[in-house]
Amino acid sequence: MASRGLNKVMLIGNLGKDAETRFTPSGASVTNFSVATTRRTKDQQTGEWKDETDWHNIVLWRAENLANYLQKGKRIYVEGRLQTRSWEDQSGNKRYMTEVVADAGGVILLGGRGDDAGSGDDFAPARRTATAGAQGGSGPSPSGPSPSDDDQGITDDDVPF
């Protein structure tokens, strides 16, 4: 029996341009857009922090309703697979393009530029503060939540993964 491989990509970034949607002759929608992912690195020579950005071409199948919301600057999560295509250009040179291929279930809008719901840090941990009733005072405790705050009746069965 042949073993199977894994081809999975997960990206969180910002759209580089508005999405463009076309339809195949059979009527399936295909939407193309680019996503920029940025990471911070420290220059070993100067000690200064700098941003490095990678651009990813995304091909999104069967998501014509979602495509209207894919606008430049929006923060997005994309899950799909890598695919490399090749073709010959007008000069006869062999050209290659690697893309992330996704379907509608693999895209989530996270908020971002121009979206009041986005805070700019979509994955910041939630801050827990104790309520006045739980602490018997008028605000959160400077030492953090009390042990009784952790017991909310949640078990391992409640966790979805």
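Assorted remarks:
- Qualifying residues in region 39-67 (those that are at pLDDT below 95 and among the polar types (S, T, N, Q)) - the one nearest to Arg85 (Cα to Cα): Asn65
- Candidate set: region 1-17, residues that are under 19 Å from Gly80 (Cα atoms), in a loop (DSSP other than H, G, I, E, B) and of a type in the set (Gly, Ala, Ser); chosen: the one least open to solvent (accessible area, probe 1.4 Å): Gly16
- Residues being in contact (Cβ under 8 Å) with a residue 40 or more places away in the chain and open to solvent by less than 90 Å² (accessible area, probe 1.4 Å) - total across region 48-73: 13
- Some residue of region 38-47 being under 14 Å from the mean Cα position of the chain (by Cα) and surrounded by 15 or more Cβ atoms within 10 Å (Cβ to Cβ): no
- Residues of region 77-96 that are open to solvent by 60 Å² or more (accessible area, probe 1.4 Å) and of a type in the set (A, V, I, L, M): Leu82 alone.
- Hits in region 18-37 (condition: β-branched (Val, Ile, Thr) and surrounded by fewer than 13 Cβ atoms within 10 Å (Cβ to Cβ)): Thr24
The values are calculated or read from the model by the stated rules, or taken from the named source; none is laboratory data. Nothing here was measured: the structure is a model prediction, and the numbers come from that model. Cβ: placed from backbone, ideal geometry, glycine included. Neighbour counts: every protein chain shown. SASA here: full protein model, heavy atoms, side chains in, ligands and nucleic acids out. Shrake-Rupley method; radii C 1.70, N 1.55, O 1.52, S 1.80 Å.
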